[in-house]
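No lab work stands behind these numbers, since they all come straight from the coordinates. The shown structure was predicted, so the numbers you read here are calculated from the model rather than taken from an experiment. All Cβ positions, glycine included, derive from the backbone under ideal geometry; neighbour counts span all protein chains shown.
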Amino acid sequence: MITFHGPGQFVCYPILDLNRMKMQKSKVLVHRLEETVIKTLRNININSNRSPDTGVWVENDKICAMGMQIQKDVSSHGMALNCDIDLKWFEYIVPCGLVGKGVTTVTKLRGEKFQVDDVIDVFTKNFESEFRCSIESSSSVGAQKQESFS
């Protein structure tokens, strides 16, 4: 299975203590992360949904890939929302091993340039709501933003 991360993707790898957040199953974590992305896309006027294949979809096109790993009740890995990534990269792979499925971006769906910075605040608010936590910015390094959860 292959995935690709590159410029124009909003990549979020939340590292969460599932015991502290009172989540017993990784399925619940993935569902909440999918729901966070679905609400975020709804806030920017894009209708999306779940499918039997993990991630967030707009019809037959994946707009947000997800992968989760849990070790000792702590999550790692996460999601990548395609904001304005060059879709040509995906022509060289079978994204997430899903034959016959497409990939799309917010820019393509909206018909206007949509940068990663345009989604961060909306995503953060939806994450706080879905995961019942607060996120405080601790620093900013280049285009990366580190957040702390409480």
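Counting beta carbons within 10 Å around each of 36, 107 and listing the fewest first gives the order 107, 36.
As a quick test, which of the pairs 39/88; 72/113; 62/113 have an alpha carbon distance above 30 angstrom in this structure? Violating the 30 Å limit, Cα to Cα: 72/113. The residues 32, 42, when put in order of fewest to most other Cβ atoms within 10 Å, stand as 42, 32. Projecting label points 7 angstrom from Cα along Cα→Cβ for residue 69 and residue 19 puts them 2.1 nm apart. Residues 39, 72, 62, 113, arranged from fewest to most other Cβ atoms within 10 angstrom of their Cβ, appear as 72, 113, 39, 62. Distance distribution note for region 9-136: the fraction of Cα pairs above 27 angstrom is 17%.
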